[in-house]
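To keep things clear, I will list the structure first and then write my remarks on it.
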Amino acid sequence: MSEFIPALRHNQFVTIKQMTVDPEIINYQFFKSILGEALIASTPMGVCFLAFCPNKAHALAELRNMFPDAELKICSDKHQEAAKASFLKDVEHPPMVTLHIKCTPFQYQVWNALLGSTKATHTTYSALAGMLGNAGAVRAVGSAVGRNPVAYLIPCHRVRRVDGLGDYRWGIEMKAAIVEWERQVVTESIQKAFANRHRL
């Protein structure tokens, strides 16, 4: 019997492609994640937006504002379905998820660094700046974290201030909920692995 080992870092199953040309068509759908109602959107190349949305109209307006010239279609696709699977607790080998997002080179650096963070752990803005070799860029790092358009998959919820959780684009209560959910996922995974080992 194999032990259940979760994907502890998102760079094990998430990759980022920089968007160079605005897409003509964007597929989107609302869905109920384990963390609440969410809006997910994608281009033919990958997921471009994921937001938790207690207010659907506000989330859709935000998507339209990001891509004012694109045709928005209510439609699911393989990129969205792969992303949705990442919210399941017991996915030992989550499907690969490609993100196709607008970003500056610096934002790309910050968001890629976050993909390497470990589930149920946290870092600070200053530590993240230091990791990028630019200790003086704390404010710029904070701005990049705050502009992340893909909730959870780019784990900006793992970045905290030294004196507390800090801000979150989708609300401090949602940030706390994600942090707690990740803690439960990792704890349950370790317990399963320990139980399986002692059955052998």
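Laboratory data are not the source of any read-out in this text; all were calculated from the coordinates shown. What you see is a predicted model; the values in this text were computed from it and never measured. A quick note on method: Cβ atoms are made from the backbone with ideal geometry, for glycine too, and the neighbour counts reach across all protein chains shown.
Here is how the numbers come out for the structure above:
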| read-out | value |
| --- | --- |
| Charge dipole (debye, nearest 20) of the stretch 10-191; +1 at Cβ of Lys and Arg, -1 at Cβ of Asp and Glu | 300 |
| Which of Val179, Ser76, Phe30, positive extreme of dipole for the chain (C-beta unit charges) | Val179 |
| Order of Thr124, Thr104, Thr20, Thr43 under a 10 Å beta carbon neighbour criterion, fewest first | Thr20, Thr104, Thr124, Thr43 |
| Length-normalised contact order of the stretch 10-191 in % [C-alpha pairs under 8 Å, at least 6 apart] | 24 |
| Aspartates and glutamates with Cα under 20 Å of Lys102, excluding same-chain neighbours fewer than 8 positions away | Asp22, Glu24, Glu62, Asp69, Glu71, Asp77 |
